[in-house]
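Attaching a single structure in structure tokens format; questions to follow.
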Amino acid sequence: MAVWEFNRGEWTEAYVFLRLLGDGRIYGASADLVKDELTYIDIINIIRDEPDKCLIFERFIKDEVAYVQSFKGDEKLKIITAPELTEKATFLYEQIRKVTAGDRKIEVPVIQEYLEGLSINSPKANLSKSAKEKYGAKTDIIVTTEDSFDHVRTIGGFSIKSHLGSSPTLFNCSESSGFVYKIVGCDVEGMHRLNYKEGFLDIISAIKEDYSLEYIGCRNEIFEQNIRIVDSRMDEILHQAMLMQVRYVDGLNSSKVPEVCKALADLNPIGVRNPEVFYEAKLKAFLFASFAGMTASEEWSGRKMLTGGYIDVDRDGELLYYRAISDDIFENYLFRHTYVDRPDRGYKKELAVAGAKAAIDENRSLTDEEIFWIEHSEKIDKKTKEKKIVKNAKKGDFGYVYQDGDDFYIVINFQVRFR
């Protein structure tokens, strides 16, 4: 039997699955993430629609005791009590909380055995293509619910965001996201001098002092196309926000989205008549689009692919939900509870730094062997215990100066996280 090794976020999806079936109810939240005792949905069942099978876990009450009946298609598999599921959820939560920052993946044998007994092969649902198309690409769990207000039953896909580990991301940084700037006045010597500084904000500060930045455009055509579906001038808005966030343009001392919005309104980079209203509306639209399916690397039609909503898991393991509708409550929540973050710059930045140090300190270029070991790492295979050489991740791949033809450029990249 293969041992499951998953990160905190993936195990948290199993926690939500167990907790929802065990508790049978989840409460709504205000824009400030405060529990609303009057707004809730009752859990009727949870569906695991996967490529090789469809499992349904249906709650029912008998003699005042809550049970869960599992099905594989029309075949009845197993009946378990709801309190048993809540007990397993509590145990899993304690195991997730014990994980240290350095542990990328963990094993929870007790929960693995329990879930496998329910015919589940992974803590994270591997949704079928048809399920993703029906319920949304960012769906983590499919739930049939009954609303507290009108008692209507609906089936919807919910996205899960967990605060049990590092802050969850709303818009993910990638090699496709980011904005390209030409460094006016730079040459080869200047490139090495800038990259020698290593620190990203130090590089930006030196560019501001000795050169100037000329905006070229989005790094990737798909990213540009997607954000322009949100607004035709969204790239102008976001790139100016990034220039302020990295302190090339003055006026911003915070990474919180409301503060970024206020700084944009004060600057008013595209000269609108009502900046206080305009930039808040556009940032909310970008945040909602990011939540509803837009990414930097895949073409987006503008369709908000969400049917259920969003489940927030706080550090105490409590669950609250938002409906997947573009209303003031949810958009205000996204706006108030997110911040702009600079992710890891990737191995190409390390390559640029090493090249700069070799050029300035030793008047030479990097050797092929030096380049190889910056691009690769030697790691121990957890299963075989043997050493293996792996290619390092490019990750965000930004924040260093590079040459293209006779000109020199830098990419500023970003991601948006919940706080």
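Taking 0.36 nm per residue of separation and subtracting the Cα-Cα distance, what length does fully extending GLU214 through GLU236 add?
That works out to 6.7 nm of additional length.
Going by accessible area, probe 1.4 Å, with all protein chains left in place, what is the ranking of TYR310, TYR27, largest first?
Sorted by accessible area, descending: TYR27, TYR310.
With a ≥ b ≥ c taken as the square roots of the eigenvalues of the C-alpha gyration tensor of the range 3-100, please select rounded if a/c is under 1.5 and otherwise prolate if a/b is larger than b/c or oblate if it is not?
Oblate, because a/c is 1.5 or more while a/b does not exceed b/c.
Rounded to two decimals, what is Rg over Rh for the range 104-183 when you use alpha-carbon atoms and the Kirkwood radius?
Over the Cα atoms of the range 104-183, Rg/Rh equals 1.10.
Cα atoms only: what Rg and Dmax, in Å, come out for the range 25-74?
Rg, Dmax (Cα atoms, Å): 15.0, 42.
Further, regarding this structure: Treating cross-link reach as a plain straight distance, find the lysines whose alpha-carbon is under 17 Å from the alpha-carbon of LYS88, omitting any fewer than eight places away in the same chain.
By straight Cα distance, LYS88 reaches LYS78, LYS98, LYS124.
For ARG273 and ILE389, calculate 0.36 nm times their separation in residues minus their Cα-Cα distance, and state this gained length in nm to one decimal.
36.1 nm
Scan the range 311-418 for GluC sites (Glu not before Pro) in coil per DSSP, keeping those whose Cβ has at most 15 other Cβ atoms within 10 Å, and list them by number.
GLU318, GLU386
While we're on this one: How are the Cα pair distances of the range 64-141 distributed, in percent, across 10 Å bins from 0?
In order of increasing distance, the bins hold 14, 36, 37, 12, 1 percent.
Calculate the translational D of the range 353-412 in whole µm² s⁻¹ from Stokes-Einstein, where the hydrodynamic radius comes from the Kirkwood formula applied to all Cα pairs, the temperature is 10 °C and the viscosity 1.306 mPa s.
Answer from the Stokes-Einstein relation: 113 µm²/s.
How much of the accessible area of the chain, in percent, comes from carbon and sulfur atoms when a 1.4 Å probe is used?
Carbon-and-sulfur percentage of accessible area, whole number: 46.
Now a separate question. Can you tell me how the chain classifies by the Cα gyration tensor, rounded, prolate or oblate, using a/c under 1.5 as the rounded cut?
Cα axes put the chain in the oblate bin.
Does the range 231-299 come out rounded, prolate or oblate by the C-alpha gyration tensor, with a ≥ b ≥ c the root eigenvalues, rounded set by a/c under 1.5 and, if not, prolate when a/b is larger than b/c and oblate if not?
The shape class here is prolate.
Starting from the range 79-163, pick out the GluC sites (Glu not before Pro) whose DSSP state is loop and whose Cβ has at most 15 other Cβ atoms within 10 Å.
Counting only loop positions with at most 15 other Cβ atoms within 10 Å, the GluC sites (Glu not before Pro) in the range 79-163 are GLU107.
Per residue and in Å³, how big is the convex hull formed by the alpha-carbon atoms of the range 300-379?
Convex hull volume per residue, Cα atoms: 240 Å³.
Counting only pairs 8 or more residues apart or on different chains, how many lysine pairs in the range 128-247 have their Cα atoms under 21 Å apart?
Lysine pair count for the range 128-247: 7.
Please give the calculated 222 nm ellipticity per residue for the chain, where each DSSP H segment of at least 4 residues contributes -39500 (n - 2.57) and the sum is spread over every residue; nearest 500 deg cm²/dmol?
Using -39500 (n - 2.57) per qualifying helix, the result is -11000 deg cm²/dmol.
Could you provide, to the nearest whole Å², the per residue accessible area of the chain with probe 1.4 Å?
Each residue of the chain exposes 49 Å² on average to a 1.4 Å probe.
The values are calculated or read from the model by the stated rules, or taken from the named source; none is laboratory data. What you are looking at is a predicted structure, and each value in this text was computed from that prediction instead of being measured. Reconstructed Cβ throughout: ideal geometry from the backbone, glycine too, with neighbour counts over all protein chains shown. The area values use the complete protein model at the heavy-atom level, side chains included, leaving out ligands, DNA and RNA. Shrake-Rupley method; radii C 1.70, N 1.55, O 1.52, S 1.80 Å.
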